[in-house]
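**Student:** Let me begin by handing over the structure; questions about it come next.
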Amino acid sequence: MEDTFKSEKLGRKSYAYQPNLWGDFFITHAVPIQMSNKTRADYLKEEVRILIKSSADTVEKMTLIDTIQHLGIGYLFQKEIDAVLTNLRALTFESNELHEVALYFKLLRQHGFPISADIFLKFQNDDGNFKTTLSRDARGLLSLYNAASLQICDEDILEKASFFTHDGLKHLVHDLKSPLRDQVSRALNTPLPKMMKRLEARWYIDEYEEEETPNHVILELAKLDFNIVQALHCEELKAISLWWKDFNPKEKLGYGRDRIIESYFFITGVYFEPQFSRARIILAKVIALATILDDTYDIHATLEECRQLAHVVERWDKKSAEILDEYLKLVYLTLINLCEDIENELEPSEKYRASYLIEGFKTLIRSYFQEAEWLAQGYFPTFQERLEVSLVSSAIPMLCCASFVGMGDVATKEAFLWVNQNPDMVRAASEVARFIDDVIGYEREHSLEELPSVLDCYMKEQNMTKDAAVIRFEEWTRDGWRRLNQAFLEPTAVSPVLIERIFNFIATTHVLYIHMRNGFNEPTNVKKYISLLYVEPLCI
């Protein structure tokens with residue numbers, strides 16, 4: 001077979017992306033918060049701290065911690081939770097209840113504590129299969145299913161657990177009552193550890209209220225805190241909406257994905273907590289502008305314009321913009337101004353971080369230009385060539401680094417050196433994002449007449465059908481998740497707070513592409529979730 005294909009990229013292309021669905025809505029929208037609500041929340045926090053410290057029973061304490069985290073208020077009690085889990089790890093936990101053992105395993109592993117999956121051996125028969133008597137225990141199956149999603153490499157027992165519980169829950173789900181039925185339905189689509197935490201918290205607040213014995217102190221705090229944080233998020237949305245309106249790509253460029261609100265939604269999945277406000281605003285702007293750069297190279301610029309933009313980005317000075325077409329000059333200067341603004345927002349001891357962000361953009365644009373050049377030449381790359389460039393053009397390596405830029409002292413120089421060396425966690429994250437995107441976005445990419453995807457290159461190289469190649473990509477995606485889980489457990493000089501951002505990036509990518517059916521590119525699929533998080537406050 002020839003290593004070329006017919007390219008139509010001789011001039012400009014166009015693609016009818018869905019328009020911005022929100023307009024100026026978030027410039028004027030606000031969620032008012034009364035001071036009395038904040039005072040009440042502060043009081044309830046102390047009450048919950050007393051609950052955590054006074055709980056003596058191990059299962060009761062585990063359930064309390066799990067509930068607090070599931071409701072989205074775990075960040076308020078991080079010291080207390082760490083202390084509980086440290087003590088829990090030191091205990092020899094004995095139970096024959098599947099739910100309790102799975103909960104114990106999930107809590108420890110999710111927080112980076114080493115724990116062996118052999119803890120589940122007691123639930124298997126002599127032939128190594130899980131006991132059929134477990135198949136009617138919906139709560140136990142759900143807990144094991146969620147725990148199994150934290151599988152690392154070479155954990156066959158969790159591989160078996162994943163298939164066993166998935167099949168069992170599929171058979172049970174329609175016979176269950178709410179709220180367990182709703183939780184099982186969601187988990188079958190996206191296991192709890194891979195779910196966007198803020199969105200899951202919003203759903204679970206409603207569901208927890210339906211349970212037989214909810215703790216009303218915790219529930220009230222969860223509701224108050226959700227609204228307080230929602231008000232902050234709306235302030236941030238106003239700020240980035242005003243910045244985006246000044247850029248005004250819809251009118252000034254006339255092409256590309258106008259996705260500033262969806263970008264913020266994505267970043268809420270990376271970190272929703274109030275202390276990361278600066279980081280959230282920075283990263284939302286970065287991803288929205290990176291999306292415009294991607295579309296510039298993919299669907300609008302000629303090859304010569306692509307080359308010129310790549311050239312001036314390498315030089316990184318405003319004078320170089322004079323050689324660019326007016327529309328490219330706007331894109332380039334917006335990029336430089338954004339990085340300058342970010343640097344100005346950083347403390348003197350943090351300003352070095354801007355250089356890592358700039359280098360990240362340069363590397364990203366090199367990958368965009370390589371793809372544009374291959375497309376113009378009609379070159380059909382090998383699978384490995386396409387994969388290596390595509391992992392960079394996924395933007396995940398750049399965004400992982402960018403996610404550190406606005407964080408506090410926890411983002412050290414060592415952390416930036418680590419993330420820019422493309423460690424296996426970042427590599428695995430990029431692979432998972434790329435494989436999901438190639439499979440879910442296959443038809444869309446082909447409608448754009450783009451360069452052959454990684455999936456196309458693999459199909460050609462292996463002389464394989466699309467269906468067979470998709471099965472292989474899904475296997476690699478599962479392996480990528482195992483490597484991500486593994487990396488989370490391995491000791492490193494980088495704070496777990498930073499490592500968690502990378503994990504959250506891919507969890508949110510999974511939710512947007514799988515749960516919300518390519519929601520970033522099809523914003524109508526994500527609109528109701530945006531409303532849920534930023535438009536509709538909870539009734540107290």
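**Student:** Restricting attention to segment 349-372, which residues are aromatic (Phe, Trp, Tyr) and outside any helix (DSSP H, G or I)?
**Tutor:** The one that is aromatic (Phe, Trp, Tyr) and outside any helix (DSSP H, G or I): 352.
**Student:** Within segment 454-489, which residues are under 22 Å from the mean Cα position of the chain (by Cα) and polar (S, T, N, Q)?
**Tutor:** 477, 485, 486
**Student:** Looking only at residues that are among the polar types (S, T, N, Q) and in contact with a Phe, Trp or Tyr (Cβ under 9 Å, 6 or more places away or on another chain) in segment 487-540, which one is nearest to residue 186 (Cα to Cα)?
**Tutor:** So, considering only residues that are among the polar types (S, T, N, Q) and in contact with a Phe, Trp or Tyr (Cβ under 9 Å, 6 or more places away or on another chain), the one nearest to residue 186 (Cα to Cα) is 508.
**Student:** Can you work out which of the residues in segment 1-42 that are modelled with pLDDT of 70 or more and of a type in the set (Asp, Glu) is surrounded by the fewest Cβ atoms within 10 Å (Cβ to Cβ)?
**Tutor:** 42
**Student:** For the subset of segment 96-127 comprising residues that are open to solvent by 70 Å² or more (accessible area, probe 1.4 Å) and touching a residue at least 12 places away in the same chain (Cβ under 8 Å), which member is nearest to residue 489 (Cα to Cα)?
**Tutor:** The qualifying residue nearest to residue 489 (Cα to Cα) is 114.
**Student:** Return the residues of segment 360-370 that are within 19 Å of residue 455 (Cβ to Cβ) and either modelled with pLDDT under 95 or open to solvent by 20 Å² or more (accessible area, probe 1.4 Å) (or both); say none if nothing qualifies.
**Tutor:** Hit for segment 360-370 is 370, nothing else.
**Student:** Go through (1) among the charged types (D, E, K, R); (2) surrounded by fewer than 16 Cβ atoms within 10 Å (Cβ to Cβ); (3) modelled with pLDDT of 95 or more one by one and return the number of the condition residue 262 breaks.
**Tutor:** Of (1) among the charged types (D, E, K, R); (2) surrounded by fewer than 16 Cβ atoms within 10 Å (Cβ to Cβ); (3) modelled with pLDDT of 95 or more, only one is false for residue 262: (2).
**Student:** Suppose we filter 514, 540, 502 for residues that are surrounded by fewer than 16 Cβ atoms within 10 Å (Cβ to Cβ) and either within 30 Å of residue 206 (Cα to Cα) or at pLDDT below 95 (or both); which single one remains?
**Tutor:** 540
**Student:** Can you tell me which of (1) aliphatic (A, V, I, L, M); (2) surrounded by fewer than 20 Cβ atoms within 10 Å (Cβ to Cβ); (3) in contact with a helix residue (DSSP H, G or I) (Cβ under 8 Å, 6 or more places away or on another chain); (4) part of a helix (DSSP H, G or I) is the one residue 68 doesn't meet?
**Tutor:** (2)
**Student:** Let me spell it out: the conditions are (1) more than 30 Å from residue 50 (Cα to Cα); (2) out of contact with any Phe, Trp or Tyr (no Cβ under 6 Å at 6 or more places or on another chain), and residue 260 meets all of them except one. Which number is the exception?
**Tutor:** All conditions are met except number (2).
**Student:** Among the numbered criteria (1) without any contact (Cβ under 8 Å) to a residue 60 or more places away in the chain; (2) open to solvent by 40 Å² or more (accessible area, probe 1.4 Å), which one does residue 74 miss?
**Tutor:** (2)
**Student:** If you don't mind, there's one more thing I want to ask. With the requirement that a residue be closer than 22 Å to residue 91 by Cβ, surrounded by 13 or more Cβ atoms within 10 Å (Cβ to Cβ), touching a residue at least 24 places away in the same chain (Cβ under 8 Å) and of a type outside the set (Val, Ile, Thr), what does segment 43-63 give you?
**Tutor:** Scanning segment 43-63 gives 49, 51, 61, 62.
**Student:** Looking for something within 12 Å of the chain's Cα centre (by Cα), within 15 Å of residue 267 (Cα to Cα) and among the β-branched types (Val, Ile, Thr) - is there at least one such residue anywhere in segment 510-522?
**Tutor:** Checked segment 510-522: at least one residue is within 12 Å of the chain's Cα centre (by Cα), within 15 Å of residue 267 (Cα to Cα) and among the β-branched types (Val, Ile, Thr).
**Student:** Sticking with this one: When only residues in segment 212-224 that are part of a helix (DSSP H, G or I) and more than 28 Å from the chain's Cα centre (by Cα) count, which is farthest from residue 40 (Cα to Cα)?
**Tutor:** That would be 216.
**Student:** Provide a single number: the residues in segment 404-462 that are in contact with a Gly (Cβ under 9 Å, 6 or more places away or on another chain) and aromatic (Phe, Trp, Tyr).
**Tutor:** So the count comes out to 1.
**Student:** Let me ask something additional. Of the residues that make up segment 220-243, is at least one farther than 20 Å from residue 99 by Cα, free of Cβ contacts under 8 Å to residues at least 12 places away in the same chain and loosely packed, with under 14 Cβ neighbours inside 10 Å?
**Tutor:** For segment 220-243, residues farther than 20 Å from residue 99 by Cα, free of Cβ contacts under 8 Å to residues at least 12 places away in the same chain and loosely packed, with under 14 Cβ neighbours inside 10 Å: absent.
**Student:** Of all helices (runs of 4 or more DSSP H) completely enclosed by segment 376-487, which ones contain at least 2 residues that are open to solvent by 40 Å² or more (accessible area, probe 1.4 Å)?
**Tutor:** Of the helices (runs of 4 or more DSSP H) lying wholly inside segment 376-487, those with at least 2 residues that are open to solvent by 40 Å² or more (accessible area, probe 1.4 Å) span 383-393, 413-419, 424-440, 442-447, 454-462.
**Student:** Do we have residue 533 as of a type outside the set (Ser, Thr, Tyr), out of contact with any Ser or Thr (no Cβ under 8 Å at 6 or more places or on another chain), under 29 Å from residue 407 (Cα atoms) and open to solvent by less than 10 Å² (accessible area, probe 1.4 Å) here?
**Tutor:** No.
**Student:** Next question. All but one of (1) assigned to a helix (DSSP H, G or I); (2) closer than 30 Å to residue 46 by Cβ; (3) at pLDDT 95 or above hold for residue 102; state the number of the condition that does not hold.
**Tutor:** Answer for residue 102: the failing condition is (2).
The values are calculated or read from the model by the stated rules, or taken from the named source; none is laboratory data. Keep in mind that what you see is a predicted model, and the values were worked out from it rather than measured. Don't worry about glycine lacking a Cβ; one is built from the backbone with ideal geometry, like all the others, and counts go over all protein chains shown. Ligands, DNA and RNA are stripped out before the accessible areas are found, and what is left, the full protein with its side chains, is counted by its heavy atoms. Shrake-Rupley method; radii C 1.70, N 1.55, O 1.52, S 1.80 Å.
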